[in-house]
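Trainee: Dumping the structure here so I can ask a few things about it.
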Amino acid sequence: MVPDAEVRTYYDRPILKQPVWTWLVPAYFFTGGLAAGSAMLAAGARLTGNRRLARQSRLVALGALGASTALLIKDLGRPGRFYNMFRVLKPTSPMSIGSWALGAFGSAAAAGMASDVLDVLPGLGALADMAAGGIAPAVATYTAVLLADTAVPAWHEARHELPFVFAASAAASAGGVAVALTPPSEAGPARRVLGAGALAELAAVEALHRRLGPELAATYEQGLAGTLGTWSKALTAVGAVTAVAGGRRFRPLAVAGGLATAAGGAVLRFAIFEAGKAAARDPKYVVGPQRREAGVGG
Amino acid sequence: MSAADPAAIAGWEAHPPRMGFFTDTSVCIGCKACEVACKEWNNVPEDGLAWLGLSYDNTGSLGASTWRHVAFIEQPQAGQDHGIRWLMSSDVCKHCTSAACLEVCPTGSLIRTEFGTVVVQQDICNGCGYCVSACPFGVIDRREEDGRVWKCTLCYDRLKDDLTPACAKACPTESIQFGPLLELRTRAEQRVDSLQAQGETGARLYGADPSDGVGGTGAFFLLLDDPEVYGLPPKPASTTRDLPSMWKSAAMAALSLTAGVAAAFLGRRR
C-alpha cells in the first residue's frame with residue numbers, strides 16, 4: 001500500500017465527479033450481457049437443430065433486451081429525449097456505437113422471433129437469428145469499453161481485462177438461465193457455456209485485480225465493492241459446480257445452480273460499478289497513479 | 001510548435017483564432033467576483049449556501065451550477081504574514097484540445113465552437129451522464145432538477161458579440177485574462193520567467209503544454225504549487241486516446257466468446 005500521507009490533495013475533496021448513473025446502469029450491464037449470451041445460444045441451438053433450447057434462449061434474449069431498453073431510458077436525465085441517441089453515429093463515443101449495436105441487435109432478434117411465432121418466412125427468420133447472434137458479442141463487450149473510456153481509474157486502468165470479464169459473465173449468465181429453464185437432456189450446450197463462462201469469469205476478474213496492482217485493486221476489495229465481489233465469486237463458483245455436476249441428472253440442481261451463476265454475474269456488475277464510485281470519491285486514487293506516471297514519464 | 005486548431009479539426013472553415021483564459025493565480029486575491037459575475041451573466045441557479053469550513057472556500061468545487069470556483073489554500077510558511085502562505089486560484093472548465101466530454105457524448109450535444117471552446121447544446125442533451133465520468137477534471141455535472149449537464153460556455157454568447165467573458169471582465173486584478181490562446185501562452189511564459197527571477201521557484205504553468213494528455217487546455221493556469229494542492233489532477237488525460245487499444249481488447253474478448261459458444265455446440269452431441 002502507498003501511504004496516504006504522500007498524496008497532497010485539496011482538503012481531501014474529490015477531483016472527479018461521482019458517476020451520475022444509478023443502479024439502473026449496472027443492472028443494464030447484466031441484462032444486456034444476458035440478452036447477448038442468450039441470443040448466441042439461440043443461434044447455436046437453431047443451427048444444430050435444438051429447437052427447444054433455441055426458442056427458450058431467444059425468449060430470454062428478447063425479455064432481457066426489453067428490460068435493458070427500459071433501464072437505459074429510465075437512467076437518462078431526460079428520458080423523453082432517448083431518441084437523441086440515434087441522432088448521430090459517433091465513432092469516438094462507445095455509448096453511441098453501443099446504442100446502434102443494441103438497436104440492430106434488437107431488430108434482428110425480434111425479426112427471428114416473429115418469424116418463428118407466426119411461422120412465416122423461415123429462411124429469413126433463421127437469417128435474423130444468425131444476425132442477432134453475430135451482433136451479440138459486440139453487445140456483450142461494448143459496455144466494458146464504455147466504462148473503460150472514462151477518467152475513473154478503477155475502470156480505465158482495467159481497460160484490457162474488463163471486456164473479458166463482461167464477455168465471460170455474459171456467457172455464464174446466459175448459460176445459467178438456459179440451464180435453469182431447459183430440460184437437462186436438451187441443455188448440454190448451455191451447461192458447457194455456463195461452465196466455461198464461469199471459469200473464464202473468475203479468471204478474468206483475478207487478472208483484473210492483478211493488473212490494477214494493490215493500490216487501485218483496493219477499490220474492488222474494500223467497502224461495498226469488496227462485499228459484492230466476494231458474493232459474486234461465491235455465487236458463480238458454487239452455482240457453476242452445482243449446475244454442471246448435479247444439473248445433468250437432477251432438474252432442481254440445474255435450476256438452483258443456473259440461477260446462482262446468473263446471480264453471480266449480476267452481482268459482479270454491481271461490484272465493478274461500486275469500485276468505480278469508490279475510485280472517483282477519493283482523490284488519492286487519481287493523484288497517486290498520475291504522480292507515479294509523471295515521475296516515470298518526466 | 002504551433003497550437004492545435006481544434007475548431008478547424010471540428011470542421012469550421014473560416015473561424016476566429018482559438019480563444020481562452022489564462023488564470024494567473026499569483027495575483028488572485030480571492031474576491032470571488034468571477035464566481036458572482038458568472039452566475040449573474042449566465043443565469044446559473046443557486047446550488048447550496050453552506051459554510052464548508054475550508055478557509056474562505058464555501059463554494060467547494062466546480063459543478064453543474066458552479067462554473068468558476070475560487071480555491072483557498074493555507075500553508076504554514078515562515079517569513080509570511082502570520083506564518084501562512086495563502087494560495088488562491090479561480091478554477092474553470094479547461095476547454096481541452098482533446099476534450100473527453102465532447103468525444104464520448106453520444107448525441108452530439110457537446111460541440112466545439114468556432115472559437116475552439118467546448119459547449120453543451122442544451123436542446124440536444126438527454127442527460128445520459130457519460131461526459132460526467134469522462135471529464136478528467138471533474139468539471140461537468142448534471143443538474144438533478146433539470147436532468148441535463150451544464151458547464152462553463154466560456155460565455156459563448158458574449159464571444160459572438162466580441163465581448164470579454166463575464167468572469168474575466170469582473171476580475172479586478174487581471175488574474176483572469178482572456179484572449180487568443182497563443183498570445184496568452186506567450187504572456188504566461190514571460191510571467192513565469194519573471195516570477196522565477198523574483199525567487200518564486202514554485203511558479204509553473206498548468207495546461208499550457210500541447211503535448212499533455214488532453215492536448216493542452218484552452219483555459220490554463222499559472223500555479224505556485226503542485227496541481228493537486230489546488231484540487232487539479234497532476235497528469236490529466238482524455239481516455240479516448242486509448243480507444244483503439246480498448247476496442248482491440250473488446251474484439252478479442254468478443255471473438256473468444258464466439259469461439260467458446262461455438263465449441264459448446266460442436267462438442268459432444270447427445
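Read-outs: derived from the displayed coordinates by stated rules, not from any lab. Being a predicted model, the structure only gives us computed values, none of them experimental. Methodologically, a virtual Cβ is constructed for each residue, glycine included, from the backbone with ideal geometry; neighbour enumeration extends over all protein chains shown.
Trainee: Give the relative contact order (percent, whole number) for the range B:92-137; include only Cα pairs under 8 Å separated by 6+ residues.
Mentor: Working: 51 pairs, mean separation 18.7, N = 46.
Relative CO of the range B:92-137 lands at 41 percent.
Trainee: Could you list B:27, A:205 in order of exposure, starting from the residue whose Cβ has the fewest other Cβ atoms within 10 Å?
Mentor: Final ranking by Cβ density, sparse to dense: B:27, A:205.
Trainee: Which one of B:73, B:111, B:176 has the biggest mean-square fluctuation once chain B is modelled by GNM with Cα springs under 10 Å?
Mentor: Ranking B:73, B:111, B:176 by mean-square fluctuation puts B:73 first.
Trainee: Stokes-Einstein D for chain A at 10 °C, 1.306 mPa s, Kirkwood Rh over Cα pairs, in µm²/s?
Mentor: This corresponds to a translational diffusion coefficient of 80 µm²/s.
Trainee: Right, here's the next one. Evaluated at 20 °C with a viscosity of 1.002 mPa s, what Stokes-Einstein diffusion coefficient in µm²/s does the protein assembly as shown have when Rh comes from the Kirkwood expression over alpha-carbon pairs?
Mentor: Rounded, D is 85 µm²/s.
Trainee: Can I ask one more? Dipole of chain B, Cα-centred, from +1 at each Lys and Arg C-beta and -1 at each Asp and Glu C-beta, to the nearest 20 debye?
Mentor: 1320 debye
Trainee: So, one more: What's the exposure ranking of B:161, B:5, going from fewest to most Cβ atoms within 10 Å?
Mentor: Neighbour counts put them in this order, fewest first: B:161, B:5.
Trainee: Could you please report the charge total around residue A:205, scoring K, R as +1 and D, E as -1 over all other residues with beta-carbon less than 12 angstrom from its beta-carbon?
Mentor: Summing Lys/Arg as +1 and Asp/Glu as -1 gives 0.
Trainee: Further, regarding this structure: First select every other residue whose beta carbon is under 13 angstrom from the beta carbon of residue B:261; then total the charges, Lys and Arg +1, Asp and Glu -1.
Mentor: Result for the local shell: +3.
Trainee: Something else now. Let me know the mean shielding of B:141-149 by other chains, meaning the per-residue number of their Cβ atoms within 10 Å of its Cβ.
Mentor: Mean number of neighbouring Cβ atoms from other chains: 3.
Trainee: For chain B, which DSSP H helices look membrane-span-like by this rule: Cα extent along the axis of 20 Å or more and mean Kyte-Doolittle of at least 0.0?
Mentor: Membrane-span-like by this rule: B:243-266.
Trainee: Normalising by the residue count of chain A, find the relative contact order in percent from Cα pairs under 8 Å and 6+ residues apart. Let's see the in-between values first.
Mentor: On the way: 510 pairs, mean separation 68.4, N = 298.
For chain A, the relative contact order is 23 percent.
Trainee: Sort by residue number and report every cysteine in chain B with no other cysteine beta carbon within a distance under 4.7 Å.
Mentor: If one checks each Cβ against the other cysteines of chain B, B:28, B:31, B:38, B:96, B:105, B:125, B:128, B:135, B:155, B:171 turn up with nothing under 4.7 Å.
Trainee: Would you please name the GluC sites (Glu not before Pro) within the range B:84-151 that are DSSP coil residues with at most 11 other C-beta atoms within 10 Å of their C-beta?
Mentor: Within the range B:84-151, the qualifying GluC sites (Glu not before Pro) (loop, at most 11 other Cβ atoms within 10 Å) are B:144, B:145.
Trainee: Also: Nearest 5 percent is fine: what portion of the DSSP beta bridges confined to the protein assembly as shown is antiparallel?
Mentor: Around 85 percent antiparallel, to the nearest 5.
Trainee: Sticking with this structure for a sec: Take B:150, A:155 and order them by how many other Cβ atoms sit within 10 Å, fewest up front.
Mentor: So the ranking, lowest neighbour count to highest, is B:150, A:155.
Trainee: Place +1 on the Cβ of every Lys and Arg and -1 on the Cβ of every Asp and Glu in chain A, take the dipole about the Cα centre, and give the residue among A:16, A:278, A:172 whose Cα lies farthest towards its positive end.
Mentor: Selected residue: A:172.
Trainee: Just add up the charged neighbours of residue B:237: K/R +1, D/E -1, any other residue whose Cβ is under 10 Å from the Cβ of residue B:237.
Mentor: On the way: positive: B:235, B:241; negative: A:293, B:212, B:242.
My count for the surroundings of residue B:237 gives -1.
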